[in-house]
Amino acid sequence: MKNIVFGAGSIGTRHTKNLLTLKEEVEIFDSSPDAREKIGRELGVKTFDHIDSALEQLRSGSRAFICTPADSHVQLATECAKKGADLFVEKPLGVSRDGLRELVSILHENDLISMIGANLRYDAKLSKLKTLLNEGVIGRPILIRCEFGHDLSLWRPHQDYRDNYAGHRDQGGGTVLDCIHELDIITWLAGSFPVSWSAQVAKLSDLEINTEDIATVICRFDGPLLGEVHLDYIQKEYTRYCKIIGESGNLIWNLTKNSSTLEISDLNGRKHFDQMDHFDINDMYLNQLKTLLKCTRSRTSPENNIAESVKILGWALEIRDCHE
């Protein structure tokens with residue numbers, strides 16, 4: 001089965017390497033001659049210098065990986081779906097609601113498999129947290145809190161943060177869309193979308209960007225169950241975690257650049273720490289890719305498909321627009 005990756009940036013390169021690791025055939029398009037030359041030379045894959053040439057290679061039974069800037073995702077995904085290709089689209093699915101209905105319609109009409117990039121779901125410890133939650137280890141959940149924070153200016157030491165898409169609203173930047181993982185995680189863990197919510201979204205730091213740099217969301221799920229999401233471009237230390245408070249204990253997942261841990265505690269204060277002996281952040285991407293390959297072969301839809309992701313994006317856009 002042919003795989004064509006659109007976009008040879010860091011995430012496109014990661015997916016290409018992982019596809020090759022899994023002995024998959026890969027070809028790549030990127031609009032940058034330098035990027036094409038680099039990935040072709042380093043990975044020995046065929047590259048296309050024009051997007052139409054890449055699109056012409058797609059047909060029923062092939063897979064398209066959309067790893068281009070977020071403002072091009074929906075249009076490019078739609079063109080690939082019209083060719084009959086199954087889709088993997090990096091997050092966020094889009095930067096507006098434009099074209100979403102047509103994309104979902106084409107996917108449904110052609111019986112195509114789709115997946116949105118929600119790699120955190122495939123981290124072993126977060127996945128285990130989900131399993132323990134479903135098994136009732138901490139009793140009925142009362143509160144789910146998800147947080148991500150890191151100073152945008154520290155993300156890529158060799159790039160001026162002002163050139164990063166994250167600081168440009170029209171490219172899908174801003175904490176809400178850029179850090180949509182946390183919105184995805186909280187609905188995944190809750191098993192539903194909130195019935196009500198409120199948010200505070202603002203630009204408060206001195207970062208030279210035209211997007212929000214902080215957002216806090218409070219939501220209510222059926223259950224009853226409360227949720228909190230905090231996102232920011234401000235914290236100096238990379239922070240990403242999820243805490244679930246239950247009637248008979250807590251579950252805490254913590255991800256750093258070097259580890260993924262799960263803490264389980266009960267009402268008596270007893271704690272158990274579950275940590276990977278050999279953590280490799282790429283494992284979650286490989287797990288995600290293996291799931292996609294399995295789903296396309298068995299023609300079964302993954303949980304994080306595009307139809308589901310449209311709902312996540314719609315909620316994120318409503319939250320983001322609180323900053324209007």
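Please treat every number below as a calculation from the coordinates, not as lab data. Please read these numbers as outputs of a predicted model, since none were measured by experiment. Positions of Cβ are generated from backbone atoms using ideal geometry, with glycine treated the same way; all protein chains shown enter the neighbour counts.
Structure notes:
- 0 to 90° range, to nearest 10: angle between helix 306-320 axis and the chain longest Cα axis: 60 degrees
- Angle of helix 73-82 to the longest C-alpha principal axis of the chain, folded into 0 to 90 degrees and rounded to 10: 60°.
- Taking chymotrypsin sites (Phe, Trp or Tyr not before Pro) in DSSP loop conformation with at most 15 other Cβ atoms inside 10 Å as exposed sites, the chain has its longest uninterrupted site-free stretch at 1-154.
- Relative contact order for the chain: 17 percent, from Cα pairs under 8 Å spaced at least 6 residues apart, divided by residue count.
- Shown here for segment 8-80: trypsin sites (Lys or Arg not before Pro) in loop regions (DSSP other than H, G, I, E, B) with at most 11 other Cβ atoms within 10 Å, namely K23, R59.
- Inter-label distance for S53 and K236, nm, one decimal - labels placed 7 Å from Cα along Cα-to-Cβ: 4.9 nm
- Among V89, V176, V201, the ranking by other beta carbons within 10 Å of each residue's beta carbon, starting with the fewest, stands as V201, V89, V176.
- Candidates R145, R121, R101, ranked by Gaussian network fluctuation over the chain, Cα under 10 Å, top entry: R101
- Per-residue ellipticity at 222 nm, computed for the chain from helices alone with -39500 (n - 2.57) per DSSP H run of at least four residues, works out to -10000 deg cm²/dmol.
- Rounded Å value of the spacing that divides the Cα centres of segment 84-117 and segment 162-218: 21 Å
- On Cα atoms only, tilt of 100-109 relative to the major axis of the chain in degrees: 70 degrees
- Antiparallel beta bridges, as assigned by DSSP with both residues in the chain, represent about 60 percent of the total such bridges.
- For segment 2-112, the number of Lys pairs with C-alpha atoms closer than 14 Å, counting only pairs eight or more positions apart or on separate chains, is 6.
- Sorted by Cβ neighbour density within 10 Å, fewest at the top, the residues D274, D52, D71: D52, D274, D71
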